[in-house]
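The values are calculated or read from the model by the stated rules, or taken from the named source; none is laboratory data. If you're wondering where the values come from, they're calculated on a predicted model, not measured in any experiment. Quick reminder, even Gly has a Cβ in these numbers, built from the backbone with ideal geometry, and neighbours come from all protein chains shown.
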């Protein structure tokens, strides 16, 4: 029989909602829904009271609750907001293991002995979270982390549920097997008539292992109340953030950046001492009125102290000059690493960094003189239209919010791609041999074979061969229908590939605005 650790599980219900409310400073009683992939991922108690629940589509949720506030779900925000909670718990009792944002586990022995019992330790933890503005936390204490988490989720109004030592199997027996969190195994267990954890625990462990493998054996152990998972305390992260406060507040960009230089050097020195380099950092600027400006900056290689100072200046000045005034004096600047890497992965080669480093230094110098958006680099995004896939981002940044190119895009143009894509699609006229405009009906049938197309778009020019190109071969149409469910943004076009008498291939598109030349195959 495995050794079972007495565990305390602290659970914060609706943690994604709590984290969003605290971060965005929203009203605690507001009906709020967090959306992921057009579906409700989490919702507040006020939203649930109006019928909103997890898994609903946005429109259905808004129909049920007309006052619903909708925000995108951000897992990074969840983790970041839970970090102060873990730090506060570590101040009153060591040995915290984060299970997921909103849930953590501790060994029960240490806190119970220090505070005089398990009930007293749970009360102290609840008081700690109430001080952080989390009044509805739940605590479960049982043999093993699994049973303790189920106890925390079934506390009711008491907010604390303690399962006596040795009683975990009886407590778990009536719970449904879906509590195991194994979506692939649960339907199979139901078909076999195993609906509760007690039914699974009653089976022979050897038979379960032979039938369901290691996953089934693990589930049998959990259902039997013999969870031997060890509670592994987390290693508190090193404090790499750096902050500087100005008294009195400074109202000029050059004053703030000059005063921040020492903090930037200390920030980079701290990372170097920890054997790390920063590839993405977060800068938070607070003015004297308490308003905060926060932005994440990326770097193609790694940040130096000068790079950090440049990002602070760019965030302060926007598109203004370096000596411009500020709308409100700056009281505080914080810089924190968002993404770090081992310093050994970024060491220079035997003969130095090479041409890439010189190029980056030169482009960064231009940015520092002309502004962050003065140097742009091209990247390929996702989409069906060629113009949508061309994305320009400032040097050193990555495209944020753009569609990902690796996603499947049914209806996109197959390879090879055209060599020249017109920044603005050129209007053209496409005509049959008799000079009539070529059209495509709703069933995708072409009215007549394509004989000529004219940049002037005139039927007379097409007949008289003025400004017209004779077509020797053509293929299509290939329909593209996007957002058919949204009348405002719906788009339907027909694509054609044509080859003129000079041997040049063109990509022509027929849409609501008429014929357009979108690209050319050079």
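For this structure, a couple of remarks:
- The helices (runs of 4 or more DSSP H) found wholly in the stretch 32-119 and carrying at least 3 residues that are under 30 Å from residue 281 (Cβ atoms) occupy 75-92.
- Candidate set: the stretch 178-198, residues that are in contact with a strand residue (DSSP E or B) (Cβ under 9 Å, 6 or more places away or on another chain) and either in a helix (DSSP H, G or I) or outside the structural domain of residue 222 (by TED's automatic domain parsing) (or both); chosen: the one surrounded by the most Cβ atoms within 10 Å (Cβ to Cβ): 197
- Odd one out for residue 210, checked against (1) out of contact with any helix residue (DSSP H, G or I) (no Cβ under 7 Å at 6 or more places or on another chain); (2) part of a strand (DSSP E or B): (2)
- Filter result for residue 67 (free of Cβ contacts under 8 Å to residues at least 12 places away in the same chain and either in the same structural domain as residue 98 (by TED's automatic domain parsing) or surrounded by 22 or more Cβ atoms within 10 Å (Cβ to Cβ) (or both)): no
- Qualifying position, being on the phi < 0 side of the Ramachandran plot and modelled with pLDDT under 80, among 294, 288, 357, 338: 357
- Selection count, the stretch 475-512, where residues are surrounded by fewer than 17 Cβ atoms within 10 Å (Cβ to Cβ), within 36 Å of the chain's Cα centre (by Cα) and at negative phi: 15
- For the stretch 9-19, the candidate set comprises residues that are touching a strand residue (DSSP E or B) at 6+ places or on another chain (Cβ under 6 Å) and within 16 Å of residue 72 (Cβ to Cβ); within that set, the residue that is surrounded by the most Cβ atoms within 10 Å (Cβ to Cβ) is 17.
- Which numbered condition residue 157 misses (of (1) modelled with pLDDT of 90 or more; (2) in a helix (DSSP H, G or I); (3) loosely packed, with under 15 Cβ neighbours inside 10 Å): (1)
- Any chance residue 264 is surrounded by 13 or more Cβ atoms within 10 Å (Cβ to Cβ), farther than 14 Å from residue 307 by Cβ and at pLDDT 90 or above: no
- Boolean, residue 223 is in the same structural domain as residue 100 (by TED's automatic domain parsing) and modelled with pLDDT of 90 or more: yes
- Within the stretch 163-177, the only residue that satisfies the criterion of being touching a residue at least 24 places away in the same chain (Cβ under 8 Å), within 15 Å of residue 4 (Cα to Cα) and surrounded by fewer than 14 Cβ atoms within 10 Å (Cβ to Cβ) is 165.
- Which listed residue is modelled with pLDDT under 90, in contact with a helix residue (DSSP H, G or I) (Cβ under 7 Å, 6 or more places away or on another chain), more than 30 Å from residue 335 (Cα to Cα) and buried (at least 17 other Cβ atoms within 10 Å of the Cβ), from 229, 201: 229
- Look at (1) in contact with a strand residue (DSSP E or B) (Cβ under 7 Å, 6 or more places away or on another chain); (2) closer than 30 Å to residue 283 by Cα; (3) not in a loop (DSSP other than H, G, I, E, B) and you find that residue 247 fails only one, number (1).
- The set of residues in the stretch 37-57 being more than 27 Å from residue 156 (Cβ to Cβ) and either over 20 Å from the mean Cα position of the chain (by Cα) or modelled with pLDDT of 90 or more (or both) consists of 39, 57.
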